[in-house]
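The values are calculated or read from the model by the stated rules, or taken from the named source; none is laboratory data. On a predicted model such as this, the values are computed, not experimentally measured, just so you know. Here Cβ is always computed from backbone atoms with ideal geometry, including for glycine, and neighbour counts include all displayed protein chains. All accessible areas refer to the heavy atoms of the entire protein, side chains included, with ligands and DNA or RNA removed. Shrake-Rupley method; radii C 1.70, N 1.55, O 1.52, S 1.80 Å.
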Amino acid sequence: AQKVTQAQTEISVVEKEDVTLDCVYETRDTTYYLFWYKQPPSGELVFLIRRNSFDEQNEISGRYSWNFQKSTSSFNFTITASQVVDSAVYFCALNKGAQKLVFGQGTRLTINP
Amino acid sequence: NAGVTQTPKFRILKIGQSMTLQCTQDMNHNYMYWYRQDPGMGLKLIYYSVGAGITDKGEVPNGYNVSRSTTEDFPLRLELAAPSQTSVYFCASSYGGGWRGYTFGSGTRLTVV
């Protein structure tokens, strides 16, 4: 069965530090999709990235980067030079078949000024 | 485009009362979902629909009902509210299923007292 584990419940860093959020997944599918969503204090869920299992290239978008490693079943998210606006709960997710997503428990990230 | 619209944003219910959480999307998405978010527990799937007239249970369907009479609308009905249903409820939609990712509504914070 599909499962997503985000072992870090809460992380707190000082502004401008780099921070990595871990995501470990389990699936028996050979083709699958991984996602990251951001939930800022306002509460909405914002899509950040979608990655398929055939593309192990790291992705960089501004201060955000994602490291996908099939060998360790991980899809980690790094924020470089963190800012207070990055404070949020971050969710990693994995598709369960074609229809649904399974979410991790989320990591609450606090960036202190 | 409004995207996915949920109403109400906040609601307090007394034990045993009933209510309907409304969800509508204007993106012509065939898939729609209801999740609940409990603190530290991530997002749990309550019900989902693959198209008008078709619904199916998720992980935590007890105490809830849904219907999907149109592509746009996917209301969630709570009958006989219980304190255990205190949560934040998110509606989401997708064109083609979870493997494509979701667009989320802004959520409904429900408290049952």
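Of the conditions (1) touching a strand residue (DSSP E or B) at 6+ places or on another chain (Cβ under 9 Å); (2) open to solvent by 10 Å² or more (accessible area, probe 1.4 Å), A:Arg28 satisfies every one except a single condition; which number is it?
Going through the list (1) touching a strand residue (DSSP E or B) at 6+ places or on another chain (Cβ under 9 Å); (2) open to solvent by 10 Å² or more (accessible area, probe 1.4 Å), A:Arg28 breaks only (1).
Within the set of pairs 6+ apart or on separate chains, which have a first residue in segment A:61-86 that is among the acidic types (Asp, Glu), a second that is open to solvent by less than 70 Å² (accessible area, probe 1.4 Å), and C-beta atoms under 6 Å apart?
Close Cβ pairs (under 6 Å, with a partner that is open to solvent by less than 70 Å² (accessible area, probe 1.4 Å)) amount to A:Asp86/A:Ile79; A:Asp86/A:Ile111.
Here is a list: B:Asp56, B:Asp73. Which entry is of a type in the set (Asp, Glu), over 23 Å from B:Gly16 (Cβ atoms) and more than 14 Å from every other protein chain (Cβ to nearest Cβ)?
Step by step, each of B:Asp56, B:Asp73 is checked, and only B:Asp73 is of a type in the set (Asp, Glu), over 23 Å from B:Gly16 (Cβ atoms) and more than 14 Å from every other protein chain (Cβ to nearest Cβ).
Take the residues of segment B:18-53 that are among the charged types (D, E, K, R) and either in contact with a Lys or Arg (Cβ under 7 Å, 6 or more places away or on another chain) or more than 11 Å from every other protein chain (Cβ to nearest Cβ) (or both): which is surrounded by the fewest Cβ atoms within 10 Å (Cβ to Cβ)? Walk me through it before giving the result.
Going residue by residue through segment B:18-53, those that are among the charged types (D, E, K, R) are B:26, B:36, B:38, B:44.
When the remaining residues are screened for being either in contact with a Lys or Arg (Cβ under 7 Å, 6 or more places away or on another chain) or more than 11 Å from every other protein chain (Cβ to nearest Cβ) (or both), the result is B:26, B:36, B:44.
Details: B:Asp26: 13, B:Arg36: 24, B:Lys44: 16.
Filtering segment B:18-53 for residues that are among the charged types (D, E, K, R) and either in contact with a Lys or Arg (Cβ under 7 Å, 6 or more places away or on another chain) or more than 11 Å from every other protein chain (Cβ to nearest Cβ) (or both), the one surrounded by the fewest Cβ atoms within 10 Å (Cβ to Cβ) comes out as B:Asp26.
Filter segment A:37-56 down to residues that are under 23 Å from B:Val88 (Cα atoms) and either touching a His at 6+ places or on another chain (Cβ under 7 Å) or touching a residue at least 12 places away in the same chain (Cβ under 8 Å) (or both) and give me whichever is surrounded by the fewest Cβ atoms within 10 Å (Cβ to Cβ).
Once the filter is applied, the top-ranked residue is A:Pro41.
In this structure, does A:Asn76 turn out to be farther than 20 Å from B:Arg100 by Cβ and surrounded by 14 or more Cβ atoms within 10 Å (Cβ to Cβ)? Steps first, please.
Working: farther than 20 Å from B:Arg100 by Cβ: yes; surrounded by 14 or more Cβ atoms within 10 Å (Cβ to Cβ): yes.
The answer is yes for A:Asn76.
Considering only segment A:8-52, state which residues are part of a strand (DSSP E or B) and more than 12 Å from chain B (Cβ to nearest Cβ). Full working, then the answer.
The initial filter retains those residues of segment A:8-52 that are part of a strand (DSSP E or B), namely A:10-14, A:19-21, A:24-26, A:33-39, A:46-52.
Across segment A:8-52, the qualifying residues are A:Ile11, A:Ser12, A:Val13, A:Val14, A:Val19, A:Thr20, A:Leu21, A:Val24, A:Tyr25, A:Glu26.
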